[in-house]
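The next block holds one structure in the form of structure tokens; read it before the comments.
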Amino acid sequence: MGHVIGKSRNQIELLCLEEVVETDTSYFGKSECKETGRPSFDPKDMLKLYIYGFENGVYSSRKLERECKRNIEVMWLIKGLQPDDKTICNFRRDNAM
């Protein structure tokens with residue numbers, strides 16, 4: 001079972017976040033998909049949301065959830081995914097540095 005994948009952004013990008021920040025997702029060992037239930041969100045997308053929040057002073061999981069639903073910039077960044085506040089909070093807790 002794979003991760004939940006957002007909508008494709010089929011467009012030419014001069015500077016893509018994936019190219020600027022080369023991420024090694026092997027660190028995210030706890031994001032493995034289980035046999036039952038809903039698939040997890042892709043750790044790359046969750047990391048992008050986390051970095052966006054850090055850079056813009058949005059630290060609350062509930063505020064980040066709101067940003068995913070109302071802010072076009074965030075919708076584009078994480079490909080239209082809308083994780084809830086508990087998912088965002090768990091991602092931060094499980095991947096603390």
Some residue of the range 60-70 being modelled with pLDDT under 90 and surrounded by 15 or more Cβ atoms within 10 Å (Cβ to Cβ): no
Some residue of the range 6-16 being modelled with pLDDT of 65 or more and under 20 Å from Asn95 (Cβ atoms): yes
Verdict on Gly37 being surrounded by 14 or more Cβ atoms within 10 Å (Cβ to Cβ), assigned to a loop (DSSP other than H, G, I, E, B) and modelled with pLDDT under 90: no
Check on Tyr52, aromatic (Phe, Trp, Tyr), modelled with pLDDT under 85 and under 20 Å from Cys89 (Cα atoms): no
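The values are calculated or read from the model by the stated rules, or taken from the named source; none is laboratory data. Just so you know, these numbers come straight off a predicted model, no measurement behind them. All Cβ positions, glycine included, derive from the backbone under ideal geometry; neighbour counts span all protein chains shown.
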